[in-house]
Each structure stands twice: as structure tokens, then as C-alpha cells.
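Have a look at the structure below, then the notes.
FYI, it's all coordinate maths here, none of it is from the lab. Just so you know, these numbers come straight off a predicted model, no measurement behind them. Positions of Cβ are generated from backbone atoms using ideal geometry, with glycine treated the same way; all protein chains shown enter the neighbour counts.
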Amino acid sequence: MSASAATEPPRILVVGGGYVGLYTALRLLKKLRRDEATVTVVDPRSYMTYLPFLPEAAGGNVAARNLVAPLRPALKKADVVTGHVVGIDHTRKTATVVPAAGDEYELSFDHLVVATGSVSRTFPIPGLAEEAIGLKTVEEAIGLRNHVLWQLDLADSTSDPEVRRKALTFVFVGGGFAGVEAIGEVEDMARDAAENYANVSRDDMRFLLVEAANRILPEMGPDLGVWTRERLEARGIEVYLETSLESCVGRHVVLRNGVETPASTIVWTAGVKPSPLLADFGLPLGPRGHIDTTPTLQVQGFDHVWSAGDNAQVPDLAVGDGAWCPPNAQHAVRQALVLADNLLAVLRGRPQEKYRHKNLGAVASIGLHKGVAIMFGRYRLKGRPAWWFHRLYHGSRVPTTNRKIRVFLDWTLAVFLRRETVGLPQMTHPRNAFIDASQAEPLLRRADRSNALS
């Protein structure tokens, strides 16, 4: 126990408020005895995002506010700090915190849970940083939705064929869950929205899905991957396998297979990598930058540090030696529960348990009423049954009862009401209208004076 904790309950510091951070804190707060320990959660955002619903948010099937869980209401018995942890001193057991406002300070701890999650994995492709958009945050999902609908507005308002071609070409890079679900949802939305335009139809649009591997949705196995590709192509989506993005300078897309096209929309979903903050935490990292953990989710060589989820290299005991758990929501949530229980076991002098999972399956939505699923490793579903299973599974996993009810209400209303296809592109720059009005005000005043004198 650190000196600062000699007269106070030990502090459990959770760095990150995503899947692992939120569910670990919830479990601890539920099971901790009075004055047994305190929990502090530090995250740059004041909410947790349910990432599997980002494609549906981009397609307008889930409201953005309903796929985030505010940390403070969910963790009422914890101290929630909005800020970054930028360094760890393991000898002194202190963390350097940079809050959202104010000077940085040190925060002591007795046990540390590192749950910083992941960020988009990018490559030095010319134009990528300047022109593409990721799909790792709710802000990106809503920005993508507004951007796509604005491109339809642009195309409808002009007769210039080059402007229309660029506005109505949408390129998605990455054929995993995020990329396939995103292009399926956005294409569905664009198809519905086109019915409201006089000069834009689905036939005017071009959707491209680019994947470096030889199939999409590799987690689903070859059969469902092929079936999904065929369904996407039947909807007019071009699927390019074993190729990659070479350049997108000036929103001119060049693929390695020779395909070139102007495209106003370039969505990057080609994988994730651990948060770069881990480099300053003084912890053992694997070859790809993940924290090296034991099967009990303690960090190798540290008895007071724990980690799980996307930023951790957790042994997959269900597969065998040398295998690591993939970075997905199913593992993150279940690892968080084991992590919390093992941390409590250490506090109480009890033996820990190793994390071993039984695969529940995988689900993917590729648009409204369309999906694929593997249940319990045996049963394969396609089309509408898989889509229903996708919604039931993920709807039940949304954190907090409040958000579960809101999500299911959204879906229920959608049965009776048409999809909303209004884009709000100015949300990314909400002050532009006020700035324009302020700059125009002197001109308007001069015009008023001239009219009064005439």
C-alpha cells in the first residue's frame, strides 16, 4: 500500500472509460465492501461509446445520443475525471493527469487498470490524413452521415458531370466488421434518401469496398464471407479483394489494382492499434504495441497493474499456446468482469481465476433487414433472421437500462415511420452562420442608411 493510502482506503485507478474501464468499474462498485477501496476513472471523454452501433448511427438507425453512456451517472460511487493520464511512476505509484482544464497533477493509486483502448491504424498513404474519415468515434459516425447526405444535396443542385461523379462516389477501405457494416448501412441510407431528390438516383451512385485480404468478414468463415460479398454486389457495391489504397490526394482515389476514381467520401476502417499513450506507461509491450498480460489479466511483471481489451495482449486459453484474444467487444466486456473479480481477490487474499472464454459467435448487419451471424460456433444465419439476432444481441449489450430502452424505442418507431434522411453538415462548424452574420452586419447597416437617405 502506498504512503498516501495509509490512512485512507486503497485507490483503484482506472485509465480509460470504454468497455473495459466502464464494466470493470461497475463490477468493482457493485462488489466492494464499505471502505474497502475507492475507484477513480480517468478518460478524455465523459462517456463510453458502444462501438458496434457506429455503423447504424452512420446509417441513421440508432440516434447518436443512445449509443453513448455518460460515465458520471453510470458510476455514481466513483470519482470520474475528464482528462488524460500521460505518465505512470510505478515506484511511487502515481499517475500524471492532464485534466480538461487546469494544470497537470499527480494522482496516487494502489492498483492500476489500464484500459485506454485502441485508435484507428493508418498507413503513410498520400492524402489519407487529409481526406479520409475514420469510424472509431460517435463524432465520426455522425460526421459521416451528415457528409454523405450533403453530397446528395450537392449532386442534386448541379448539372456538372464531374462534380456529380465525385459527390456520388463513396469508397470504404477495410473489409472487416466495421467496413462491411458501414458500407451496408450507408448504402441503404443513400438509397432511401435518393427517393427525395429529383436529380439523384441510386444508379447515379458508386460504392466501392476495398480489402487487402482475399475475402471479407474473415471472422465469419469463407462461406458467410462469400455470401456477404455476393449480396453486397447484388446491391451495386463494387468489392475489390487483394488490393489496397495507393493514394487519395485531392480526393482522387487510386487503388493498387489500377482502379482510379474521384471520390468525395473516403472511409478508413482498415484495422485498429493500441493507444499510443501506452508508450509512456512503463509497461511491457508486445510486438504490435499491446500490453503483455497474464491469463489472470495482470500485467507481466507487475502485481498491482491490470489490463484487458483492445490495448492488451491477453492469452487465448481456449485456442492454445501462442494465441491471443482478438480485439472485440465480446472479449472486452467479459475480460472486464474477470479483471474486476481478480482485483477483488487480491484485495481479499484469495486466489485468482484465469480468463478463458467460450465463443458465443459473431454477428454483422449489412443494412436494414440484412445480416449474417454465427451462433455458438455452429449455427449460421443469413438475411433477416441474422439481422434480428444482431439487433437482439447488441441491444441487450448496450450499457445501462436507460440506453437499452431508448435503442429499442428507436427501432420500434422505425417499424412505423420512414428513415429520417436529413443531413446537418454545418454541425461540424456551428459558429459559421454567426460569424457570417457578424461580418455582414456593417454592410447591412450601410445599406439601411443609404435606403433611409434616398
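Relative contact order (percent) for the chain, with alpha-carbon contacts under 8 angstrom and 6 or more residues of separation? Relative contact order, the chain: 17 percent. Taking 0.36 nm per residue of separation and subtracting the current Cα-Cα distance, fully stretching the chain between Ser396 and Asp89 would add 106.6 nm.
For region 331-407, what does the alpha-carbon gyration tensor say about shape, rounded, prolate or oblate, given a ≥ b ≥ c as the root eigenvalues, a/c under 1.5 as rounded, and a/b over b/c as prolate? It is oblate, given that a/c is not under 1.5 and a/b is not larger than b/c.
Two numbers describe the Cα atoms of the chain: Rg and Dmax, which are 24.5, 91 Å.
Classify region 300-363 as rounded, prolate or oblate from the Cα gyration tensor: take a ≥ b ≥ c as the square roots of its eigenvalues, call it rounded if a/c is under 1.5, otherwise prolate when a/b beats b/c and oblate if not. It comes out prolate by the Cα gyration axes. Sorting 56-63, 345-352, 41-48, 229-236 by average packing, meaning the other beta carbons within 10 Å per residue, from highest down gives 56-63, 41-48, 229-236, 345-352.
A straight Cα-to-Cα reach below 28 Å connects Lys76 with the lysines Lys30, Lys31, Lys93, Lys136, Lys404, residues fewer than 8 places away in its own chain not being considered.
Once the C-beta distance of Glu162 and Thr7 is scaled by a Förster radius of 51 Å, the resulting FRET efficiency is 0.10 to the nearest 0.05.
With 0.36 nm allotted per residue and the present C-alpha distance subtracted, the Asp103-Trp411 stretch has 106.5 nm of extension available.
Over the chain, dividing the summed -39,500 (n - 2.57) contributions of all DSSP H runs of at least 4 residues by the number of residues returns a 222 nm mean residue ellipticity of -11000 deg cm²/dmol. Enter the angle in degrees (range 0 to 90, nearest 10) between the Cα long axis of helix 221-234 and the first principal axis of the Cα atoms of the chain, meaning the one along which they spread out most. Orientation of helix 221-234: about 20 degrees from the principal axis. Diagonalising the gyration tensor over the Cα atoms of region 92-189 and scaling each eigenvalue by 5 before taking the square root yields semi-axes of 40, 16, 13 Å, largest first. Using bins of 5 Å that start at zero, the share of Cα-Cα pairs per bin across region 266-311 amounts to 5, 21, 29, 22, 10, 6, 4, 3, 1, in whole %. Each Cα pair under 8 Å and six or more residues apart adds its separation to the average, and for region 52-197 the resulting relative contact order is 28 percent. Extending 7 Å from the Cα toward the beta-carbon at both Leu241 and His369 defines two label points whose distance is 2.8 nm. The angle between the Cα long axis of helix 177-194 and the longest principal axis of the Cα atoms of the chain comes to about 30 degrees, rounded to the nearest 10.
Compared with the rule-of-thumb size 2.2 N^0.38 Å for a compact globular protein, region 55-126 has a Cα radius of gyration ratio of 1.53.
Alpha-carbon geometry of region 1-141: the Rg and the Dmax are 17.4, 56 Å, given in that order.
The angle between the Cα long axis of helix 138-156 and the longest principal axis of the Cα atoms of the chain comes to about 10 degrees, rounded to the nearest 10. Projecting the Cα atoms of Trp388, Ala270, Gly367 onto the charge dipole of the chain (Cβ charges, centred on the Cα centre) puts Trp388 farthest toward the positive pole.
Dipole check for region 294-384: with +1 at the C-beta of Lys and Arg, -1 at the C-beta of Asp and Glu, and the Cα centre as origin, the magnitude is about 640 Debye. Tell me whether region 177-250 comes out rounded, prolate or oblate; compute the Cα gyration tensor, take square roots of the eigenvalues as a ≥ b ≥ c, and use a/c under 1.5 as the rounded threshold. Oblate is the answer for region 177-250, as a/c is 1.5 or above yet b/c matches or exceeds a/b.
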